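So the structure is just underneath, and the comments pick up after that.
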Amino acid sequence: MPRRDTKPELAVRRVLHRRGLRYRTSVRPLVGLRCQADIVFTRAKVACFVDSCHWHACEQHLRLPRTNTEWWEQKLAWTKERDARNNRVLREAGWTVIRIWEHEDPVDAANRIEHAVRAYP
């Protein structure tokens, strides 16, 4: 599974680009933070993550594998903890964090992002 340029990410980026918004992709918003945001607006300090329903444990679509279930539960719990920790660190540094599920409508996601970016003074 690709880490960047996924179909859901590209769909959101296309909508943003059509609206005249320019962004960076696959960037670490903060020095020292190990995560890379999928879409970053550095001046407005908006970091967007397009999360996979499987790897980030979407409550609406997650189906745990029948084998090795305990390992998967631990893995997905760790991923959720990591995401929450990264969100907290970014927010404490003054960033707006937007998490988008892969099943979300790209236009709705772009609306949320555009609102956050344009709210920047």
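Brief remarks on what is shown
- For Leu90, the conditions (1) within 12 Å of the chain's Cα centre (by Cα); (2) surrounded by 17 or more Cβ atoms within 10 Å (Cβ to Cβ); (3) not in a loop (DSSP other than H, G, I, E, B) all hold with the exception of (1).
- Subset tally (residues that are part of a helix (DSSP H, G or I) and of a type in the set (Gly, Ala, Ser)) for segment 93-121: 3
- Residue, nearest to the chain's Cα centre (by Cα), within segment 1-58, restricted to residues that are small (Gly, Ala, Ser), more than 29 Å from Gln74 (Cβ to Cβ) and in a loop (DSSP other than H, G, I, E, B): Ala44
- Filtered by the rule that a residue be at pLDDT below 95, within 23 Å of Pro106 (Cβ to Cβ) and aromatic (Phe, Trp, Tyr), segment 37-95 gives a lone residue, Trp55.
- Only one of Ser26, Ser52 that is touching a strand residue (DSSP E or B) at 6+ places or on another chain (Cβ under 9 Å), at positive phi and not charged (D, E, K, R): Ser26
- Residue within segment 30-44 that is of a type in the set (Ser, Thr, Tyr), without any contact (Cβ under 8 Å) to a residue 60 or more places away in the chain, surrounded by fewer than 17 Cβ atoms within 10 Å (Cβ to Cβ) and out of contact with any Leu (no Cβ under 6 Å at 6 or more places or on another chain) present: yes
- The criterion of being within 18 Å of Arg4 (Cβ to Cβ) and charged (D, E, K, R) does not hold for Asp108.
- Selected residue [basic (Lys, Arg), closer than 24 Å to Val27 by Cβ, within 16 Å of the chain's Cα centre (by Cα) and surrounded by fewer than 13 Cβ atoms within 10 Å (Cβ to Cβ)] from Arg85, Arg118, Arg112: Arg85
The values are calculated or read from the model by the stated rules, or taken from the named source; none is laboratory data. Everything numeric here is computed off the predicted structure, so don't read it as measured data. All Cβ positions, glycine included, derive from the backbone under ideal geometry; neighbour counts span all protein chains shown.
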